[in-house]
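Below is one structure, written out as structure tokens; comments come after it.
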Amino acid sequence: MQLQRSVIICAAIIANTNLFAQKDPPTTEIWKPEVKVVTPGKTNADAPSDAIILFNGTSASGWQHANGDEAKWTVADNALTVKPGTGAIQTKQKFGDCQLHIEWRIDKNVKGENQDRGNSGVFLMGRYELQVLDNYNNINKTYVNGQAGSMYKQTPPLVNVCKAPGEWQTYDIVFTAPRFSDNGSVVIPAHITVIQNGVLVQNNTTIWGNTEYIGSPFYEKHDAKEPLMLQDHSHLTSFRNIWIREL
Ligand code: MG
């Protein structure tokens with residue numbers, strides 16, 4: 001009986017303590033650690049102070065071909081342009097979770113249709129492709145999960161916000177890498193949010209596996225960090241102002 005009464009008293013004290021705590025504003029305030037200060041750029045396109053600059057307009061020294069050769073793409077007029085036939089290029093540094101800003105431009109004299117029109121791509125971790133293609137005003141017909149702003153052969157963009165060939169466009173990307181178990185199974189799939197030209201086109205979209213041209217996507221276990229890759233699809237597509245923040 002004595003024990004039972006003690007338990008009841010203790011429970012009442014805890015309940016009262018919680019009640020007091022709930023009425024005390026500081027109990028739900030987090031003061032430490034302070035949030036790191038980052039100086040923003042003059043516009044959202046300018047790299048903030050903690051970004052890693054991957055292409056500043058003059059040097060592609062942070063890039064190489066998959067076989068380790070020097071990047072052979074053309075650096076001119078502040079842009080990095082695909083040199084058709086030389087192959088994809090990838091960053092020397094590897095990245096996992098990240099915020100990526102990249103600007104791209106379809107050649108103003110672009111020709112061709114469907115997937116054969118200004119095609120390139122931003123491959124997160126070298127394997128998850130955010131498509132680059134000319135889809136200005138829905139003139140170039142293609143499958144919607146293969147148009148610009150799509151996660152290729154997976155998820156179409158929410159809207160088509162493409163600019164005309166010859167104009168610079170922006171992708172601002174938030175990417176969360178997949179998590180794998182020791183046996184290689186996927187614990188959490190990758191996710192991606194993409195803002196194209198200031199407009200949301202992928203909203204925390206689940207990525208279902210490696211980008212596959214034929215067949216369904218599937219995951220293959222890989223490292224927590226992998227190179228960022230840009231695609232050579234034999235078209236004169238350009239990139240500039242590429243910066244990344246590791247998360
Ligand atoms: Mg592509």
Complete set of residues in region 205-247 that are aromatic (Phe, Trp, Tyr) and either at pLDDT below 95 or not in a loop (DSSP other than H, G, I, E, B) (or both): TYR213, PHE239, TRP243
Here the qualifying pairs (Cβ atoms under 8 Å; residues six or more apart or on different chains; first in region 106-126 and within 11 Å of the ligand (Cβ to nearest atom) and among the acidic types (Asp, Glu); second in a loop (DSSP other than H, G, I, E, B) and at pLDDT 95 or above) come out as ASP116/HIS235
For THR142, which of the numbered conditions (1) buried (at least 20 other Cβ atoms within 10 Å of the Cβ); (2) away from the ligand (no atom under 12 Å from the Cβ); (3) closer than 21 Å to ASN160 by Cβ fails to hold? (2)
Which is touching a residue at least 12 places away in the same chain (Cβ under 8 Å) and farther than 26 Å from GLU246 by Cβ, of LYS92, LYS83? LYS83
Does region 36-53 hold any residues that are at pLDDT 95 or above, among the aliphatic types (A, V, I, L, M) and loosely packed, with under 14 Cβ neighbours inside 10 Å, and which are they? ILE53
Every residue from region 212-228 that is more than 24 Å from ILE52 (Cβ to Cβ), of a type outside the set (Phe, Trp, Tyr) and within 16 Å of the ligand (Cβ to nearest atom): GLU212, ILE214, PRO217
Within region 171-181, work out how many residues are surrounded by fewer than 18 Cβ atoms within 10 Å (Cβ to Cβ) and of a type in the set (S, T, N, Q). 1
When restricted to GLY57, GLY62, GLY87, the only residue away from the ligand (no atom under 16 Å from the Cβ) and farther than 30 Å from ASN203 by Cβ is GLY57
Being away from the ligand (no atom under 14 Å from the Cβ) and over 20 Å from THR81 (Cα atoms): is that true of ASN137 here? yes
Of the listed residues (ILE214, ILE173, ILE195, ILE188), the one being in contact with a His (Cβ under 9 Å, 6 or more places away or on another chain) and aliphatic (A, V, I, L, M) is ILE173
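Residues to consider are GLN154, GLN231, GLN202, GLN147; find the one that is within 16 Å of the ligand (Cβ to nearest atom), farther than 24 Å from ALA45 by Cα and not basic (Lys, Arg). It would help to see each step written out before you state the result.
On the way: GLN231 fails: farther than 24 Å from ALA45 by Cα; GLN202 fails: farther than 24 Å from ALA45 by Cα; GLN147 fails: farther than 24 Å from ALA45 by Cα.
Going through GLN154, GLN231, GLN202, GLN147 in turn, the sole match is GLN154.
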Among what's in region 185-202 and is modelled with pLDDT under 95 and not in a strand (DSSP E or B), pick the residue that is surrounded by the most Cβ atoms within 10 Å (Cβ to Cβ). ASN197
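The values are calculated or read from the model by the stated rules, or taken from the named source; none is laboratory data. The shown structure was predicted, so the numbers you read here are calculated from the model rather than taken from an experiment. Cβ: placed from backbone, ideal geometry, glycine included. Neighbour counts: every protein chain shown.
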